[in-house]
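The values are calculated or read from the model by the stated rules, or taken from the named source; none is laboratory data. What you see is a predicted model, and the numbers here were worked out from it, not measured in a lab. For neighbour counting, all protein chains shown are included, and Cβ atoms are generated from backbone atoms with ideal geometry for every residue, glycine included. Keep in mind that these areas ignore ligands, DNA and RNA; they rest on the heavy atoms of the full protein, side chains included. Shrake-Rupley method; radii C 1.70, N 1.55, O 1.52, S 1.80 Å.
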Amino acid sequence: MKKATKLVSLGRDKKWSKGVINPPVFRASTVVFDSMEQMRHATANRAKGEMFYGRRGTPTHFAFQAAIAELEGGVGTALYPSGSAAISGALLSFLKAGDHLLMVDSVYEPTRDLCDKLLQGLGIETSYYDPLIGTGIRELIRPNTKVLFLESPGSITMEVQDVPTLCRIAHEHQLVTMLDNTWASPINCRPFEMGVDISIQAATKYIVGHSDVMLGTATANEAHWDTLRENSYLMGQCTSADDIFLAARGLRTLGVRMAQHEKNALKVANFLAQRPEVDHLRHPAFASCPGHEFFLRDFSAANGLFSFVLKEGNRQAMTAFVEGMEHFKMGFSWGGFESLILAISGIEKLRTATQWDSSKPLVRLHIGLEDPDDLIADLERAFERYHAAMQA
């Protein structure tokens with residue numbers, strides 16, 4: 001099936017949907033049985049889609065899990081109450097005291113906090129590596145290294161990693177490879193074909209698509225699915241059937257939304273590329289973005305999230321830039337239908353393996369589904385406020 005057809009069709013097996021278009025919402029904790037034999041059967045097959053107990057899931061969950069696993073190219077998908085929970089659940093499923101973790105230096109800030117606080121307290125050591133390290137990753141692998149974690153593009157600064165090379169080297173040393181694949185969503189790259197063992201999504205973002213659900217997924221290949229599934233279950237990870245219903249509904253329009261996000265963002269990015277105030281774009285589809293060549297090779301499309309770096313600026317100018325926007329709203333997260341803007345500072349404090357020039361301000365945009373001409377007009381007015389503040 002083509003991608004658009006998959007998005008409409010997957011997860012609609014009649015055993016889950018009961019013959020209706022959208023799988024019904026099964027809200028359940030206790031599941032009751034009519035006989036000991038029925039209970040024994042459910043217990044023996046609780047990991048194979050049999051109703052057993054609410055935390056294991058219901059047909060609502062099973063249908064969504066099947067859809068995500070097939071879209072990403074894995075064997076099974078575990079569900080979590082947020083993207084951060086998916087990251088921590090995946091890492092804790094494969095790490096123990098005395099282990100060593102290789103973590104990309106451009107990672108999402110809460111993931112870094114997880115490593116530096118919780119994992120360190122559990123006796124798990126983390127080393128950060130340059131996202132563009134390539135074959136140099138070999139030098140960082142130790143006898144006790146167990147996991148290589150990637151995020152491509154990187155959070156905020158958008159470096160695109162050479163995922164196939166990093167995974168190939170990791171597998172030579174029997175490491176588990178994990179990728180935060182949220183930027184691509186389940187449809188714009190094929191992580192398992194690049195050597196990823198576990199692909200993680202903050203489904204809060206593009207899968208849900210409407211900024212109204214917190215949700216995470218982790219999809220594993222055959223070699224790692226049983227461990228991920230059982231350890232996530234032991235840690236009590238589960239999700240609401242109502243949230244899963246909304247995510248499954250968002251999945252049906254993911255393709256058309258992603259295409260429009262990409263189209264709108266490219267128009268806005270091209271406008272910014274011509275502005276004299278802009279030093280360079282951090283958009284993977286542009287040559288100015290580190291790792292652009294890997295984007296061209298490994299991704300089928302872009303999305304609405306990118307950053308740009310200004311040649312100069314101060315706190316007053318950046319405040320003037322982001323305050324007073326009509327269409328862009330200030331807020332965390334991204335992936336919804338609305339456009340967002342953040343002026344990011346302190347990036348240099350979040351880097352230990354690489355350096356960041358903090359003298360040049362960075363702005364991150366999420367381009368939503370508004371008319372891009374209105375968004376460009378909003379940015380033009382922002383530049384006017386920026387210049388007024390710089391001259392004050």
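Extents of the range 1-111, largest first, come to 51, 40, 21 Å (Cα atoms, principal axes, whole angstrom). For the chain, a Gaussian network of Cα nodes joined below 10 Å ranks 274, 161, 237 by mean-square fluctuation, and the top entry is 274. The alpha carbons of the range 255-391 give a radius of gyration and a Dmax of 14.7, 44 Å, in that order. Simple rule: put +1 on each Lys or Arg Cβ and -1 on each Asp or Glu Cβ in the range 94-235, find the dipole, and look at 195, 154, 127; the Cα lying farthest toward the positive end is 195.
Each stretch of four or more DSSP H residues adds -39500 (n - 2.57); spread over every residue of the chain, this sum gives -11000 deg cm²/dmol at 222 nm. Solvent-accessible surface of the chain, taken per residue with a 1.4 Å probe and all protein chains present: 43 Å².
These residues, 292, 366, go from largest to smallest accessible area, 1.4 Å probe, as 292, 366. In straight-distance terms, cross-link reach from residue 6 covers every one of the aspartates and glutamates whose alpha-carbon lies under 19 Å from its own, apart from those fewer than eight places away in the same chain; here that gives 70, 72, 193. If you wrap the Cα atoms of the chain in a convex hull and average its projected area over all directions, you get 20.0 nm². Using a probe of 1.4 Å on the protein chains alone, the accessible area found for residue 385 is around 60 Å².
Of the solvent-accessible surface of the chain, computed with a 1.4 Å probe over protein heavy atoms with every protein chain present, carbon and sulfur atoms account for 52 percent.
The residues 233, 53, sorted by heavy-atom accessible surface at 1.4 Å with ligands and nucleic acids left out, run 53, 233 from largest to smallest. Taking the DSSP bridge list for the chain and keeping only pairs wholly inside it, about 55 percent are antiparallel.
Pairs from the list 329/349; 18/48; 117/311; 117/349 with a Cα-Cα gap above 23 Å: 329/349; 117/311.
Please work out the Cα center distance from the range 133-209 to the range 220-277, rounded to the nearest Å. Value for the Cα centre distance between the two parts: 15 Å.
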